[in-house]
Every structure is written in structure tokens, then in C-alpha cells.
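Encoded as C-alpha cells, the structure appears first; notes follow it.
Each value in this text was obtained by applying a stated rule to the coordinates, not by laboratory testing. Fair warning: this is a prediction, and the values are worked out from it, not measured in the lab. Cβ: placed from backbone, ideal geometry, glycine included. Neighbour counts: every protein chain shown.
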Amino acid sequence: MDYLLHPFTSDFMLPGDITFDDFVDTVDHTYVKRHHLLYMPMYGILLLVLRKLYEKHVATRLAGHLQIQNKRKPLLIDARLERLYAETKHPDQKRVSAYAKRLDMDERSVRRWFRRRRNHDRPDLVNKFKETSWRFLFYTVAFCYGLATLIQTPWFWDTSMCWTGFPMQPLWMSIYYYYMIEGGFYMSLLYSLGMDNKRKDFYEQIIHHLATIFLITFSYACNFIRAGSLVMIVHDMSDVLLEVAKCAHYAERRRLADNLFTSFAVVFIISRLLLFPRVVLYSTLVESLLVTPPYSGYYFLNVLLFVLQLLHIFWSITIVRMAYDMLVVGVVRKDDRSDVEEKSSDEDEAN
């Protein structure tokens, strides 16, 4: 299976005349190996199995304990309307009038049916809670494990130590497992996209998961794992709060959800707009040059991290707008990931 590792060549990924053949284990030290990346998909499969067991035996009961229920009204099955729905999911007033006349229905009934049909395509509340609670559980465990591991490392306290002896740095086995678990998790999300609740940003999710997997595997193969471990811990700390805020929202604990979302917004901005550029980017851009001159892998890694920082800025703007709406206006805008069901004043009327 060496052909799978062909893109990870020494000339591109390592400085100077160093090659992957130089990473030879000794009695005292273990080093990064490219074939370690072949184990990552197996971790993804294991996490996917654990997720299914958790959702079946834990999350379903937890949803019942929190009284999370699907509250959708039954949908009238009508083959004629289904054919029209296949043409357009959001008919304008002209189409609604034409449909009502053709089907001998009043316009309000047509609009109501289309609204309920669109809601039927959205994931139900219990399944959304199960998926979100699994992510909360994973991010919590990953963050706690990562923090417990990193506080024992010298580069957590002094980022210049990320580059001491680079690239011939011994592999900490605790960091190895941190990488395998994180990379395996995003691979498991990629595996399950076809089974998960399909959201409006489905294709954006695919791009995000692929980009994350690529960054994790690339940084591991280049032995950028010290800086890479800092990138992962910075991201996990805010993800924990986001997922638990969504769980509280599904459980209709509005005040708790608002407080958690506010906390998430604060931690996100601090971690990704302050800590990430000040600690991680500064280390990869400046401190690394004290050890080795620029080379292809250096430029490529920093381009990826800069793109990630641009995404942080974009997401921060969106989060600040949502926080403003929640705290000042009192209403949070629906974004592409919300999948909030549509309602209207006539929703409570019987069909």
C-alpha cells in the first residue's frame, strides 16, 4: 500500500537532505512513520461503531429523559402534490394559485402542505439531538485527553520547543493517539455523511472534513505534530461549548442554550482570533525559522493555516451577528446549519 503514501515525499515535506529513511526507531525513541497514516481510517471505523452504540443505547434514553420529542404533524400523502413538489420546493404565489386551481384546493392548504413537506425533509429533533450529543461527547473527551497530554509537554508552555531538534523529534505515544483519534473522528464523520441528518451545508461539510483530514495527515507526515497538537486543542475547546449549546436548544432549555452560546462565542473569538494567530501562527511562521530555513513543506503548511485563519474570521463575524441578535434584538437568525422547521400562524389549524 505504499502507493497511497506516494504524495508524501521527503523532498517536499522535509528540510535539507533529511529523508524519511532517517526516521529510524531506537531503544529509547520512536519516530513518525508515514505508514502510521494507514491506521487512521481504522480508528475512524472504530469511532463510527462506538457512535452507533452510543446513539442506540445512551442518546435515545437521554433524549427521552430530557423530554425531547418529535412534534411534527402527520403529512398528507398526495401523489399529485408530490409531483409538484419535485418541480419546486418553494412555489411562488403564482404557482400556488395555479396548483390550488388544478387540485381543487384552497391556497392556504397548498402552502401548508408545501411547508410541512419541506419540514418532513429536515432531520427530526431526536436524531439531531443524538448526532449532536455524540459530537459533544467526543469533543469533551478529546479536549480533556489533549489538555491532560499537552500540559506535560514542554512545547505547551514554550512554543519555541515545537522546533527544538526539528524534524528529528521523537514521537510521544500520547500525541500519536491524539492524532489518530482526531483524524479518525473526522474520517468517521465523512463515512457517515450519507446516514447523518442531511443539512443545507452538506457539500460544505464534505469540504470541511476533507480539509481537516488533509491538514491532520499532512502535519503528521511532516512531523509538525507538536504545532499540530496545539492547533487541535485550540479548536476543540470551543467545539465542546457549541455542541452542548445545541443540545440545550433541542431540549428547549432556552436560557441555558443562550448562556452556553454566549460562552461559545467568547471562547471561539479568544481561541481562534487571539490564541491561534498569536501562539500557533507565530510559532510556525517565525519560531520555526530559527531552526531551519524555509522549504516547500514550511510554505505549504503556513498557507493551509492562513486559509484556516481566514475561515476563523468569517465564522467569527457570523457568530458575532448571531450573538448580537440574541442579546440585543432577542431573536437569533436562522443560518444554513440550523434546520429550524418552518412555522406560520395557521400551523396549529387541522388539515
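Remind me, what semi-axes does segment 79-151 give for its equivalent ellipsoid, largest first in whole Å, using sqrt of 5 times each Cα gyration tensor eigenvalue? Mind showing how you got there, number by number?
On the way: eigenvalues 446, 21, 15 Å².
Working through the eigenvalues yields semi-axes of 47, 10, 9 Å.
Using alpha carbon centroids, what distance separates segment 219-267 and segment 127-190, in Å?
For segment 219-267 versus segment 127-190, the Cα centre distance is 13 Å.
Are there any GluC sites (Glu not before Pro) in segment 84-139 that are in a DSSP loop and have at most 11 other Cβ atoms within 10 Å? List them by number. If you can, show how the numbers build up before the last one.
Values: sites: 87, 107, 131; in loops: none.
Of the GluC sites (Glu not before Pro), not one in the loops of segment 84-139 has a Cβ with at most 11 other Cβ atoms within 10 Å.
Can you work out the Karplus-derived ³J(HN,Hα) for every residue in segment 153-160? Use 6.51 cos²θ - 1.76 cosθ + 1.60 with θ = phi - 60°, whole Hz, and x for glycine or proline.
So the J values, rounded to whole Hz, are 9, x, 6, 5, 9, 9, 5, 5.
Can you compute the FRET efficiency between residue 252 and residue 282 using 1/(1 + (r/R0)^6), with r the Cβ-Cβ distance and R0 = 35 Å? Round to the nearest 0.05. Mind showing how you got there, number by number?
Working: r = 43 Å, r/R0 = 1.23.
It comes out at approximately 0.20.
Over 26 Å, how big is the tail of the calculated P(r) for segment 90-243, in percent of all Cα pairs? Please list the in-between numbers first.
Values: 5442 of 11781 pairs.
Result for the distance tail: 46 percent.
Take every Cα pair under 8 Å in segment 227-276 that's 6+ residues apart, average their separations, divide by the length, and report that relative contact order as a whole percent.
On the way: 33 pairs, mean separation 23.1, N = 50.
Rounded, it is 46 percent for segment 227-276.
Which entries of 94/128; 89/128; 56/246; 52/89; 89/246 have Cα-Cα distances beyond 25 Å here?
Values: 94/128 35 Å; 89/128 22 Å; 56/246 20 Å; 52/89 32 Å; 89/246 27 Å.
Result: 94/128; 52/89; 89/246 exceed 25 Å.
Note down the net charge around residue 161, summing +1 for each Lys or Arg and -1 for each Asp or Glu among other residues with Cβ under 13 Å from its Cβ. Spell out each step's value before the answer.
Working: positive: 226; negative: 158, 287.
Taking every Cβ under 13 Å from that of residue 161, the sum is -1.
If all Cα-Cα distances of segment 219-290 are sorted into 10 Å bins from 0 onward, what percent lands in each bin, rounded to whole numbers?
Per 10 Å bin, starting at 0, the Cα pair percentages come out as 20, 37, 24, 15, 5, 0.
Can you compute the label reach from residue 324? Point 7 Å from Cα along the Cβ direction, backbone N cut-off under 19 Å, restricted to segment 248-277.
Within reach of a label on residue 324, which here means backbone N under 19 Å from a point 7 Å along Cα→Cβ, segment 248-277 contributes 261-270, 273.
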